[in-house]
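Inspection log for the structure reproduced underneath, given as C-alpha coordinates.
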Amino acid sequence: MRVVAAMMKHETNTFSPVPTDLARFGRRGLLRGAEAAEAYAPTNTPLGAYLGLLRDAGAEIVLPLAAEAPPSGPVRRAAYEEMAGAIVDAVAADCDAVMLDLHGAMVAEHLDDGEGELLARIRAVRPGVPVCVALDMHCNLTARMVENCDAMIGYKTYPHVDMREVGAQVGRILLSSLAGRCSPVMAWGAVPLLAQTLRMGTADQPMQGLQGMARDGETGPVLAATLFGGFPLADIRDAGVSAVVVADRDRMVAEALRDRLLAAAWERRADFVYGHRDLAATIAAASRLQNSIPRGRPVVLLDHADNVASGGTADVMDVIAEVLRQDLPDVAMAAVHDPGAVATMQEAGLGAEVTLDLGGKTEMPSIGRAPRPLRVRGRVAHLGDGRWRIQGPMYTGVMADTGPTAVLDLGRMKIVVASIHHEPFDLGIFESNGIDPHAQRYLLLKSRIHYRAGFAPLASETFTCDGAGVTTSDNGQLAFRKVRRPIFPLDAV
(Lines give C-alpha, C1' and ligand atoms only; values in the text may rest on other atoms or scores of the structure.)
Protein backbone atom coordinates (compact mmCIF):
# COMPACT_ATOMS: atom_id res chain seq x y z
CA MET A 1 0.00 0.00 0.00
CA ARG A 2 1.43 3.32 -1.13
CA VAL A 3 -0.03 6.36 0.67
CA VAL A 4 0.63 10.06 0.16
CA ALA A 5 0.59 11.94 3.48
CA ALA A 6 1.05 15.70 3.51
CA MET A 7 0.54 18.88 5.52
CA MET A 8 -0.35 22.25 3.96
CA LYS A 9 -1.84 24.60 6.56
CA HIS A 10 -2.66 28.26 6.81
CA GLU A 11 -5.44 30.23 8.50
CA THR A 12 -5.84 33.29 6.32
CA ASN A 13 -6.95 36.61 7.78
CA THR A 14 -8.01 38.55 4.70
CA PHE A 15 -7.82 41.80 6.72
CA SER A 16 -4.19 41.19 7.72
CA PRO A 17 -1.36 43.12 6.02
CA VAL A 18 1.21 40.48 7.00
CA PRO A 19 2.49 38.90 3.75
CA THR A 20 2.30 35.12 3.32
CA ASP A 21 5.08 34.06 0.99
CA LEU A 22 6.81 30.70 0.74
CA ALA A 23 9.39 31.64 3.35
CA ARG A 24 6.64 31.99 5.96
CA PHE A 25 5.96 28.26 5.57
CA GLY A 26 9.59 27.36 6.15
CA ARG A 27 12.27 29.94 6.91
CA ARG A 28 14.93 27.29 6.47
CA GLY A 29 13.17 25.75 3.47
CA LEU A 30 10.07 23.56 3.12
CA LEU A 31 10.24 20.18 4.83
CA ARG A 32 9.88 17.20 2.50
CA GLY A 33 10.38 13.45 2.60
CA ALA A 34 12.48 11.95 5.36
CA GLU A 35 13.22 15.36 6.89
CA ALA A 36 9.51 16.09 7.24
CA ALA A 37 8.83 12.65 8.69
CA GLU A 38 11.56 13.05 11.28
CA ALA A 39 10.27 16.49 12.28
CA TYR A 40 6.60 15.49 12.66
CA ALA A 41 6.36 11.76 13.45
CA PRO A 42 6.58 12.25 17.25
CA THR A 43 4.43 15.40 17.39
CA ASN A 44 0.89 16.17 18.49
CA THR A 45 -0.33 16.81 14.94
CA PRO A 46 -2.57 14.97 12.47
CA LEU A 47 0.47 14.36 10.27
CA GLY A 48 2.22 12.70 13.21
CA ALA A 49 -0.81 10.44 13.67
CA TYR A 50 -0.89 9.53 9.98
CA LEU A 51 2.78 8.58 9.98
CA GLY A 52 2.29 6.34 13.00
CA LEU A 53 -0.74 4.60 11.53
CA LEU A 54 0.92 4.02 8.18
CA ARG A 55 4.10 2.63 9.68
CA ASP A 56 2.07 0.25 11.83
CA ALA A 57 0.20 -0.83 8.69
CA GLY A 58 3.43 -1.47 6.80
CA ALA A 59 2.55 1.07 4.13
CA GLU A 60 4.98 2.83 1.83
CA ILE A 61 4.79 6.49 2.83
CA VAL A 62 5.22 9.30 0.32
CA LEU A 63 5.59 12.66 2.12
CA PRO A 64 5.93 15.41 -0.48
CA LEU A 65 5.44 18.31 1.92
CA ALA A 66 4.94 19.33 5.55
CA ALA A 67 4.30 23.06 5.58
CA GLU A 68 2.48 25.33 8.02
CA ALA A 69 2.64 29.10 8.38
CA PRO A 70 1.34 31.32 11.20
CA PRO A 71 -1.95 33.03 10.29
CA SER A 72 -1.50 36.14 8.14
CA GLY A 73 -2.76 37.68 4.91
CA PRO A 74 -3.68 35.83 1.70
CA VAL A 75 -1.16 33.24 0.53
CA ARG A 76 0.91 34.39 -2.43
CA ARG A 77 0.03 32.68 -5.68
CA ALA A 78 3.55 31.34 -6.17
CA ALA A 79 3.64 29.85 -2.67
CA TYR A 80 0.26 28.16 -3.06
CA GLU A 81 1.10 26.73 -6.46
CA GLU A 82 4.45 25.31 -5.33
CA MET A 83 2.96 23.58 -2.30
CA ALA A 84 -0.22 22.35 -3.96
CA GLY A 85 1.78 21.26 -6.98
CA ALA A 86 4.12 19.12 -4.87
CA ILE A 87 1.17 17.27 -3.30
CA VAL A 88 -0.76 16.82 -6.55
CA ASP A 89 2.34 15.58 -8.38
CA ALA A 90 2.96 12.98 -5.67
CA VAL A 91 -0.63 11.75 -5.97
CA ALA A 92 -0.44 11.66 -9.75
CA ALA A 93 2.75 9.61 -9.64
CA ASP A 94 0.86 6.67 -8.10
CA CYS A 95 -0.76 5.98 -4.75
CA ASP A 96 -3.50 3.94 -3.14
CA ALA A 97 -4.72 6.61 -0.71
CA VAL A 98 -4.15 10.18 0.47
CA MET A 99 -4.06 11.53 4.04
CA LEU A 100 -4.04 15.30 4.35
CA ASP A 101 -3.39 17.59 7.34
CA LEU A 102 -5.02 20.88 6.30
CA HIS A 103 -6.52 23.89 8.06
CA GLY A 104 -9.72 24.71 6.20
CA ALA A 105 -9.43 28.50 6.08
CA MET A 106 -6.68 29.02 3.49
CA VAL A 107 -7.27 31.91 1.10
CA ALA A 108 -4.78 32.61 -1.68
CA GLU A 109 -4.31 35.70 -3.82
CA HIS A 110 -6.00 33.97 -6.74
CA LEU A 111 -8.64 31.79 -5.03
CA ASP A 112 -10.80 31.88 -1.90
CA ASP A 113 -11.01 28.14 -1.18
CA GLY A 114 -7.44 26.89 -0.95
CA GLU A 115 -8.32 23.48 0.46
CA GLY A 116 -11.24 22.88 -1.90
CA GLU A 117 -9.02 23.70 -4.87
CA LEU A 118 -6.29 21.32 -3.68
CA LEU A 119 -8.75 18.47 -3.16
CA ALA A 120 -10.36 19.08 -6.56
CA ARG A 121 -6.95 18.93 -8.24
CA ILE A 122 -6.21 15.64 -6.48
CA ARG A 123 -9.52 14.20 -7.67
CA ALA A 124 -8.78 15.39 -11.20
CA VAL A 125 -5.44 13.56 -11.47
CA ARG A 126 -6.62 10.38 -9.65
CA PRO A 127 -10.42 10.27 -9.58
CA GLY A 128 -10.91 7.12 -7.54
CA VAL A 129 -8.24 7.58 -4.87
CA PRO A 130 -9.58 7.54 -1.28
CA VAL A 131 -8.80 10.79 0.58
CA CYS A 132 -9.13 11.69 4.25
CA VAL A 133 -8.64 15.15 5.73
CA ALA A 134 -8.05 16.48 9.24
CA LEU A 135 -9.07 20.12 9.66
CA ASP A 136 -8.84 22.89 12.24
CA MET A 137 -11.90 23.69 14.37
CA HIS A 138 -11.86 27.10 12.65
CA CYS A 139 -12.32 25.62 9.18
CA ASN A 140 -14.67 27.51 6.85
CA LEU A 141 -16.20 24.43 5.27
CA THR A 142 -17.15 24.46 1.58
CA ALA A 143 -19.05 22.08 -0.68
CA ARG A 144 -15.92 21.64 -2.76
CA MET A 145 -13.97 20.32 0.24
CA VAL A 146 -16.63 17.75 1.08
CA GLU A 147 -17.26 16.66 -2.49
CA ASN A 148 -13.61 15.88 -3.13
CA CYS A 149 -12.74 13.69 -0.15
CA ASP A 150 -14.07 10.51 1.47
CA ALA A 151 -13.81 11.34 5.18
CA MET A 152 -13.06 14.52 7.11
CA ILE A 153 -12.84 15.54 10.73
CA GLY A 154 -12.00 18.65 12.75
CA TYR A 155 -10.48 19.32 16.14
CA LYS A 156 -12.87 19.36 19.08
CA THR A 157 -10.66 21.43 21.37
CA TYR A 158 -9.59 25.07 21.40
CA PRO A 159 -6.74 25.41 22.25
CA HIS A 160 -6.13 22.57 19.84
CA VAL A 161 -4.67 19.87 22.08
CA ASP A 162 -6.37 16.93 20.29
CA MET A 163 -4.73 17.28 16.88
CA ARG A 164 -3.02 13.89 16.87
CA GLU A 165 -6.15 12.24 18.29
CA VAL A 166 -8.46 13.45 15.53
CA GLY A 167 -5.84 12.70 12.87
CA ALA A 168 -5.69 9.12 14.11
CA GLN A 169 -9.49 8.91 14.12
CA VAL A 170 -9.95 9.94 10.49
CA GLY A 171 -6.86 8.00 9.42
CA ARG A 172 -8.34 4.81 10.89
CA ILE A 173 -11.58 5.46 9.02
CA LEU A 174 -9.68 5.62 5.74
CA LEU A 175 -7.65 2.48 6.46
CA SER A 176 -10.81 0.62 7.48
CA SER A 177 -12.50 1.63 4.24
CA LEU A 178 -9.50 0.41 2.23
CA ALA A 179 -9.78 -2.94 4.03
CA GLY A 180 -13.50 -3.14 3.27
CA ARG A 181 -14.57 -2.86 6.91
CA CYS A 182 -16.59 0.33 6.40
CA SER A 183 -18.02 2.51 3.67
CA PRO A 184 -18.00 6.15 4.81
CA VAL A 185 -20.69 8.61 3.72
CA MET A 186 -20.82 12.28 4.73
CA ALA A 187 -23.52 14.82 5.50
CA TRP A 188 -22.67 18.47 5.95
CA GLY A 189 -24.30 21.87 6.27
CA ALA A 190 -23.91 25.41 7.60
CA VAL A 191 -25.87 28.11 9.41
CA PRO A 192 -25.63 31.89 8.79
CA LEU A 193 -23.53 32.52 11.88
CA LEU A 194 -20.19 34.35 11.87
CA ALA A 195 -19.10 33.30 15.36
CA GLN A 196 -16.29 35.26 17.02
CA THR A 197 -13.14 33.33 17.82
CA LEU A 198 -12.91 34.75 21.33
CA ARG A 199 -16.20 32.98 22.12
CA MET A 200 -15.11 29.55 20.87
CA GLY A 201 -12.95 28.30 23.74
CA THR A 202 -13.97 24.73 24.49
CA ALA A 203 -13.60 25.23 28.23
CA ASP A 204 -16.46 27.75 27.90
CA GLN A 205 -20.06 27.67 26.77
CA PRO A 206 -21.47 27.44 24.21
CA MET A 207 -18.66 25.53 22.49
CA GLN A 208 -18.03 23.16 25.39
CA GLY A 209 -21.56 21.80 25.17
CA LEU A 210 -21.63 21.73 21.37
CA GLN A 211 -18.39 19.77 21.10
CA GLY A 212 -19.65 17.45 23.82
CA MET A 213 -22.71 16.82 21.66
CA ALA A 214 -20.45 15.98 18.70
CA ARG A 215 -18.39 13.55 20.79
CA ASP A 216 -21.47 11.89 22.23
CA GLY A 217 -22.83 11.44 18.71
CA GLU A 218 -19.87 9.31 17.62
CA THR A 219 -21.56 5.98 18.34
CA GLY A 220 -23.01 3.18 16.25
CA PRO A 221 -22.68 3.94 12.55
CA VAL A 222 -21.36 7.48 13.18
CA LEU A 223 -17.58 7.36 12.65
CA ALA A 224 -16.82 11.05 13.16
CA ALA A 225 -18.81 14.19 13.94
CA THR A 226 -17.46 17.73 13.77
CA LEU A 227 -18.85 21.16 14.55
CA PHE A 228 -16.67 23.84 12.96
CA GLY A 229 -16.75 27.27 14.58
CA GLY A 230 -15.30 28.75 11.40
CA PHE A 231 -12.78 31.57 11.02
CA PRO A 232 -14.62 34.91 10.94
CA LEU A 233 -11.64 36.98 9.78
CA ALA A 234 -11.61 35.32 6.37
CA ASP A 235 -13.92 37.47 4.30
CA ILE A 236 -15.07 34.74 1.91
CA ARG A 237 -18.54 33.54 1.00
CA ASP A 238 -18.48 30.40 3.15
CA ALA A 239 -17.02 31.77 6.39
CA GLY A 240 -18.93 30.73 9.48
CA VAL A 241 -20.30 27.85 11.52
CA SER A 242 -20.76 24.46 9.85
CA ALA A 243 -20.90 20.75 10.64
CA VAL A 244 -19.92 17.50 8.96
CA VAL A 245 -20.77 13.95 10.03
CA VAL A 246 -19.17 10.78 8.68
CA ALA A 247 -21.19 7.58 9.03
CA ASP A 248 -20.74 3.99 7.91
CA ARG A 249 -23.19 3.64 5.01
CA ASP A 250 -26.11 5.31 6.86
CA ARG A 251 -26.56 8.79 5.39
CA MET A 252 -29.82 9.41 7.23
CA VAL A 253 -28.12 8.96 10.60
CA ALA A 254 -25.36 11.36 9.50
CA GLU A 255 -27.91 13.94 8.36
CA ALA A 256 -29.87 13.72 11.60
CA LEU A 257 -26.81 14.38 13.77
CA ARG A 258 -25.67 17.19 11.46
CA ASP A 259 -29.05 18.85 11.83
CA ARG A 260 -28.99 18.57 15.64
CA LEU A 261 -25.51 20.10 15.83
CA LEU A 262 -26.40 23.02 13.58
CA ALA A 263 -29.71 23.67 15.30
CA ALA A 264 -28.00 23.74 18.71
CA ALA A 265 -25.33 26.17 17.44
CA TRP A 266 -27.95 28.47 15.93
CA GLU A 267 -29.99 28.46 19.13
CA ARG A 268 -26.91 29.71 21.02
CA ARG A 269 -25.90 32.25 18.35
CA ALA A 270 -26.00 35.25 20.71
CA ASP A 271 -23.45 33.53 22.95
CA PHE A 272 -20.91 33.60 20.11
CA VAL A 273 -20.66 37.43 20.26
CA TYR A 274 -18.06 39.05 22.53
CA GLY A 275 -19.00 42.04 24.70
CA HIS A 276 -16.40 44.82 24.75
CA ARG A 277 -15.01 46.79 27.71
CA ASP A 278 -12.98 49.98 27.99
CA LEU A 279 -9.24 49.22 27.89
CA ALA A 280 -8.23 51.63 30.65
CA ALA A 281 -10.93 50.26 32.95
CA THR A 282 -9.77 46.69 32.30
CA ILE A 283 -6.14 47.49 33.15
CA ALA A 284 -7.26 49.41 36.23
CA ALA A 285 -9.23 46.37 37.43
CA ALA A 286 -6.16 44.17 36.93
CA SER A 287 -3.97 46.72 38.72
CA ARG A 288 -6.13 46.59 41.83
CA LEU A 289 -5.10 42.96 42.29
CA GLN A 290 -1.36 43.62 42.33
CA ASN A 291 -0.87 43.19 46.09
CA SER A 292 -3.01 40.06 46.39
CA ILE A 293 -1.69 37.93 43.52
CA PRO A 294 -0.69 34.46 44.80
CA ARG A 295 3.00 33.60 44.42
CA GLY A 296 3.56 31.63 41.23
CA ARG A 297 0.04 32.41 39.93
CA PRO A 298 0.34 35.53 37.77
CA VAL A 299 -2.56 37.51 36.37
CA VAL A 300 -2.84 37.09 32.59
CA LEU A 301 -3.64 40.08 30.34
CA LEU A 302 -4.69 39.22 26.77
CA ASP A 303 -4.00 41.63 23.93
CA HIS A 304 -6.42 39.64 21.80
CA ALA A 305 -6.97 42.15 18.99
CA ASP A 306 -3.35 41.70 17.89
CA ASN A 307 -2.75 37.97 18.30
CA VAL A 308 -0.55 36.04 15.89
CA ALA A 309 -2.78 32.94 15.84
CA SER A 310 -5.48 34.94 14.05
CA GLY A 311 -3.18 36.91 11.74
CA GLY A 312 -2.22 39.88 13.90
CA THR A 313 0.81 42.00 13.15
CA ALA A 314 1.96 41.57 16.79
CA ASP A 315 3.35 45.09 16.83
CA VAL A 316 0.36 47.14 18.01
CA MET A 317 1.50 48.87 21.20
CA ASP A 318 -1.78 50.18 22.66
CA VAL A 319 -2.23 47.62 25.44
CA ILE A 320 1.47 47.71 26.36
CA ALA A 321 1.31 51.52 26.52
CA GLU A 322 -1.73 51.42 28.82
CA VAL A 323 -0.11 48.88 31.16
CA LEU A 324 2.98 51.10 31.34
CA ARG A 325 0.86 54.22 31.88
CA GLN A 326 -0.92 52.60 34.83
CA ASP A 327 2.45 51.42 36.17
CA LEU A 328 1.65 47.76 36.78
CA PRO A 329 4.63 45.98 38.42
CA ASP A 330 6.47 42.76 37.50
CA VAL A 331 5.06 42.35 33.98
CA ALA A 332 6.49 39.97 31.39
CA MET A 333 5.19 40.47 27.85
CA ALA A 334 5.29 38.14 24.80
CA ALA A 335 5.83 39.02 22.12
CA VAL A 336 6.31 42.14 20.03
CA HIS A 337 7.28 41.50 16.42
CA ASP A 338 10.03 43.99 15.52
CA PRO A 339 13.06 42.54 13.69
CA GLY A 340 14.65 46.00 13.49
CA ALA A 341 14.51 46.45 17.24
CA VAL A 342 16.09 43.02 17.73
CA ALA A 343 18.92 43.97 15.39
CA THR A 344 19.49 47.21 17.31
CA MET A 345 19.65 45.32 20.61
CA GLN A 346 22.02 42.75 19.14
CA GLU A 347 24.31 45.52 17.97
CA ALA A 348 24.16 47.25 21.36
CA GLY A 349 24.94 44.00 23.18
CA LEU A 350 23.79 42.28 26.34
CA GLY A 351 23.35 44.66 29.26
CA ALA A 352 23.36 47.80 27.11
CA GLU A 353 20.87 50.63 27.68
CA VAL A 354 18.91 51.42 24.52
CA THR A 355 16.15 53.80 23.45
CA LEU A 356 13.83 52.31 20.85
CA ASP A 357 10.77 53.22 18.85
CA LEU A 358 9.34 49.78 19.51
CA GLY A 359 6.66 48.09 17.42
CA GLY A 360 4.08 50.03 15.46
CA LYS A 361 5.88 49.50 12.17
CA THR A 362 2.96 48.02 10.20
CA GLU A 363 0.27 49.94 8.37
CA MET A 364 -3.16 48.30 8.58
CA PRO A 365 -5.34 49.70 5.78
CA SER A 366 -8.26 47.36 6.53
CA ILE A 367 -8.86 49.10 9.88
CA GLY A 368 -7.53 52.52 8.82
CA ARG A 369 -4.55 52.46 11.17
CA ALA A 370 -1.18 54.08 10.45
CA PRO A 371 2.07 52.89 12.09
CA ARG A 372 2.36 53.97 15.76
CA PRO A 373 5.61 52.93 17.45
CA LEU A 374 6.11 53.41 21.19
CA ARG A 375 9.30 55.09 22.41
CA VAL A 376 10.80 53.13 25.29
CA ARG A 377 14.12 53.00 27.12
CA GLY A 378 15.47 49.88 28.77
CA ARG A 379 18.25 47.36 29.17
CA VAL A 380 19.02 44.48 26.83
CA ALA A 381 18.39 41.57 29.22
CA HIS A 382 18.67 38.60 26.85
CA LEU A 383 19.72 37.73 23.31
CA GLY A 384 18.91 34.39 21.70
CA ASP A 385 18.20 32.48 18.49
CA GLY A 386 14.50 32.05 19.24
CA ARG A 387 14.40 28.25 18.91
CA TRP A 388 12.95 25.84 21.45
CA ARG A 389 10.98 22.60 21.37
CA ILE A 390 7.39 22.91 22.53
CA GLN A 391 6.68 20.93 25.70
CA GLY A 392 3.09 22.00 26.35
CA PRO A 393 -0.05 20.17 25.25
CA MET A 394 -0.47 22.05 21.95
CA TYR A 395 1.93 21.18 19.09
CA THR A 396 3.88 19.03 21.55
CA GLY A 397 7.32 18.21 20.19
CA VAL A 398 7.30 20.76 17.37
CA MET A 399 10.31 23.07 17.11
CA ALA A 400 9.31 26.71 17.69
CA ASP A 401 11.23 29.46 15.93
CA THR A 402 10.89 33.19 16.60
CA GLY A 403 14.12 33.99 14.77
CA PRO A 404 16.70 36.22 16.48
CA THR A 405 14.98 37.28 19.70
CA ALA A 406 15.77 39.73 22.48
CA VAL A 407 14.34 40.81 25.83
CA LEU A 408 14.06 44.49 26.65
CA ASP A 409 13.83 45.16 30.40
CA LEU A 410 12.01 48.44 31.11
CA GLY A 411 12.18 47.95 34.88
CA ARG A 412 8.53 47.15 35.59
CA MET A 413 8.05 45.25 32.33
CA LYS A 414 10.19 42.77 30.38
CA ILE A 415 9.27 42.57 26.70
CA VAL A 416 10.16 39.63 24.45
CA VAL A 417 10.89 41.06 21.00
CA ALA A 418 10.87 38.58 18.12
CA SER A 419 11.93 38.56 14.48
CA ILE A 420 9.32 35.97 13.44
CA HIS A 421 5.67 35.99 14.48
CA HIS A 422 4.75 33.39 17.10
CA GLU A 423 1.67 32.94 19.26
CA PRO A 424 2.51 32.61 23.00
CA PHE A 425 0.78 29.28 23.74
CA ASP A 426 3.80 27.62 25.36
CA LEU A 427 5.89 28.61 28.39
CA GLY A 428 8.96 28.34 26.18
CA ILE A 429 8.29 31.82 24.77
CA PHE A 430 9.49 33.10 28.17
CA GLU A 431 11.68 30.30 29.50
CA SER A 432 13.85 30.12 26.37
CA ASN A 433 14.46 33.86 26.78
CA GLY A 434 15.59 33.83 30.40
CA ILE A 435 12.23 34.75 32.00
CA ASP A 436 10.50 32.59 34.60
CA PRO A 437 6.76 33.15 33.99
CA HIS A 438 5.92 31.83 37.46
CA ALA A 439 7.95 34.63 39.06
CA GLN A 440 5.94 37.48 37.50
CA ARG A 441 2.87 39.20 38.86
CA TYR A 442 1.47 39.81 35.39
CA LEU A 443 1.87 38.11 32.02
CA LEU A 444 0.83 40.21 29.03
CA LEU A 445 0.24 37.97 26.00
CA LYS A 446 -0.69 38.73 22.42
CA SER A 447 -3.15 35.84 22.42
CA ARG A 448 -6.85 35.09 22.40
CA ILE A 449 -7.57 31.48 23.46
CA HIS A 450 -4.46 29.47 22.55
CA TYR A 451 -2.60 30.88 25.58
CA ARG A 452 -4.67 28.47 27.68
CA ALA A 453 -2.65 25.51 26.43
CA GLY A 454 0.41 26.58 28.38
CA PHE A 455 -0.65 29.39 30.68
CA ALA A 456 -4.15 28.60 31.98
CA PRO A 457 -2.78 26.36 34.78
CA LEU A 458 -0.67 29.31 36.01
CA ALA A 459 -3.24 32.07 35.80
CA SER A 460 -4.90 33.31 38.98
CA GLU A 461 -7.07 35.71 36.93
CA THR A 462 -7.42 36.52 33.23
CA PHE A 463 -8.44 39.82 31.63
CA THR A 464 -9.27 40.31 27.95
CA CYS A 465 -7.84 43.67 26.91
CA ASP A 466 -9.65 45.31 24.01
CA GLY A 467 -6.82 46.92 22.14
CA ALA A 468 -6.51 47.48 18.40
CA GLY A 469 -5.48 45.27 15.52
CA VAL A 470 -6.64 43.18 12.59
CA THR A 471 -7.75 40.34 14.88
CA THR A 472 -10.31 42.55 16.59
CA SER A 473 -13.55 41.05 17.87
CA ASP A 474 -15.34 44.29 16.97
CA ASN A 475 -17.08 43.58 13.67
CA GLY A 476 -17.77 47.28 13.31
CA GLN A 477 -14.08 47.87 12.53
CA LEU A 478 -14.08 45.44 9.58
CA ALA A 479 -15.56 45.88 6.11
CA PHE A 480 -17.00 42.51 5.03
CA ARG A 481 -17.62 42.36 1.29
CA LYS A 482 -17.69 38.69 0.26
CA VAL A 483 -19.28 36.75 3.14
CA ARG A 484 -22.77 35.45 2.39
CA ARG A 485 -25.54 37.74 3.64
CA PRO A 486 -27.60 37.90 5.72
CA ILE A 487 -25.42 36.47 8.47
CA PHE A 488 -25.52 36.93 12.25
CA PRO A 489 -24.28 39.12 13.95
CA LEU A 490 -23.59 41.37 10.95
CA ASP A 491 -27.31 41.21 10.17
CA ALA A 492 -30.43 40.81 12.30
CA VAL A 493 -31.30 37.21 11.47
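The values are calculated or read from the model by the stated rules, or taken from the named source; none is laboratory data. Predicted model only: the values in this text are computed from it and were never measured. Quick reminder, even Gly has a Cβ in these numbers, built from the backbone with ideal geometry, and neighbours come from all protein chains shown.
Structure data summary
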| quantity | calculated |
| --- | --- |
| When residues of the stretch 326-347 are limited to those that are free of Cβ contacts under 8 Å to residues at least 24 places away in the same chain and over 26 Å from the mean Cα position of the chain (by Cα), the one surrounded by the fewest Cβ atoms within 10 Å (Cβ to Cβ) | 347 |
| Candidates 476, 411 - the one that is more than 30 Å from residue 112 (Cα to Cα) and either of a type in the set (Gly, Ala, Ser) or in contact (Cβ under 8 Å) with a residue 40 or more places away in the chain (or both) | 411 |
| Which listed residue is closer than 30 Å to residue 154 by Cβ, buried (at least 16 other Cβ atoms within 10 Å of the Cβ) and not hydroxyl-bearing (Ser, Thr, Tyr), from 275, 311 | 311 |
| Search result, residues across the stretch 2-45 that are hydrophobic (A, V, I, L, M, F, W, C), touching a strand residue (DSSP E or B) at 6+ places or on another chain (Cβ under 7 Å) and in contact (Cβ under 8 Å) with a residue 40 or more places away in the chain | 3, 4, 5, 6, 7, 8, 18, 25, 30, 39 |
| Criterion: modelled with pLDDT of 95 or more, more than 25 Å from residue 52 (Cβ to Cβ) and out of contact with any Phe, Trp or Tyr (no Cβ under 9 Å at 6 or more places or on another chain) - qualifying residue of 196, 169, 205 | 205 |
| Filtered residues of the stretch 1-31 (kept if of a type in the set (Lys, Arg) and over 21 Å from residue 420 (Cβ atoms)) | 2 |
| Any hit, the stretch 82-99, residues being surrounded by fewer than 20 Cβ atoms within 10 Å (Cβ to Cβ), touching a Leu at 6+ places or on another chain (Cβ under 9 Å), farther than 24 Å from residue 1 by Cα and not β-branched (Val, Ile, Thr) | yes |
| Test for residue 289: is it within 24 Å of the chain's Cα centre (by Cα) and either modelled with pLDDT of 95 or more or in the same structural domain as residue 446 (by TED's automatic domain parsing) (or both) | no |
| Residue match in the stretch 349-359 (condition: modelled with pLDDT of 95 or more, under 26 Å from residue 10 (Cβ atoms) and in contact with a Gly (Cβ under 9 Å, 6 or more places away or on another chain)) | no |
| Exclusive hit being modelled with pLDDT of 95 or more, over 19 Å from the mean Cα position of the chain (by Cα) and under 30 Å from residue 237 (Cα atoms), set 411, 467 | 467 |
| Residue ranges of strands (runs of 3 or more DSSP E) in the stretch 234-351 with at least 2 members more than 30 Å from residue 191 (Cα to Cα) | 299-303, 331-337 |
| Members of the stretch 454-488 that are of a type in the set (Asp, Glu) and either touching a Phe, Trp or Tyr at 6+ places or on another chain (Cβ under 8 Å) or not in a loop (DSSP other than H, G, I, E, B) (or both) | 461 |
| Exclusive hit being of a type in the set (D, E, K, R), under 29 Å from residue 39 (Cα atoms), surrounded by fewer than 19 Cβ atoms within 10 Å (Cβ to Cβ) and not assigned by TED's automatic domain parsing to the domain that holds residue 159, set 426, 401 | 401 |
| Answer residue from the stretch 198-213, given it is touching a Lys or Arg at 6+ places or on another chain (Cβ under 6 Å) and buried (at least 21 other Cβ atoms within 10 Å of the Cβ) and is farthest from residue 456 (Cα to Cα) among those | 211 |
| From the options 375, 369, 389, residue that is surrounded by fewer than 18 Cβ atoms within 10 Å (Cβ to Cβ) and touching a residue at least 24 places away in the same chain (Cβ under 8 Å) | 389 |
| Test: residue in the stretch 23-37 that is in contact with a Phe, Trp or Tyr (Cβ under 8 Å, 6 or more places away or on another chain), closer than 24 Å to residue 123 by Cβ and either crowded, with 17+ Cβ neighbours inside 10 Å or modelled with pLDDT under 95 (or both) | no |
| Selection status of residue 418, among the hydrophobic types (A, V, I, L, M, F, W, C), touching a strand residue (DSSP E or B) at 6+ places or on another chain (Cβ under 7 Å) and crowded, with 22+ Cβ neighbours inside 10 Å | yes |
| Selection status of residue 99, in contact (Cβ under 8 Å) with a residue 24 or more places away in the chain and over 30 Å from residue 206 (Cβ atoms) | yes |
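Results for (1) among the polar types (S, T, N, Q); (2) farther than 29 Å from residue 202 by Cα; (3) modelled with pLDDT of 95 or more; (4) buried (at least 21 other Cβ atoms within 10 Å of the Cβ), shown as yes or no for each residue.
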{"residue": "118", "(1), (2), (3), (4)": "no, yes, yes, yes"}
{"residue": "136", "(1), (2), (3), (4)": "no, no, yes, yes"}
{"residue": "139", "(1), (2), (3), (4)": "no, no, yes, yes"}
{"residue": "142", "(1), (2), (3), (4)": "yes, no, yes, yes"}
{"residue": "156", "(1), (2), (3), (4)": "no, no, yes, yes"}
{"residue": "160", "(1), (2), (3), (4)": "no, no, yes, yes"}
{"residue": "183", "(1), (2), (3), (4)": "yes, yes, yes, no"}
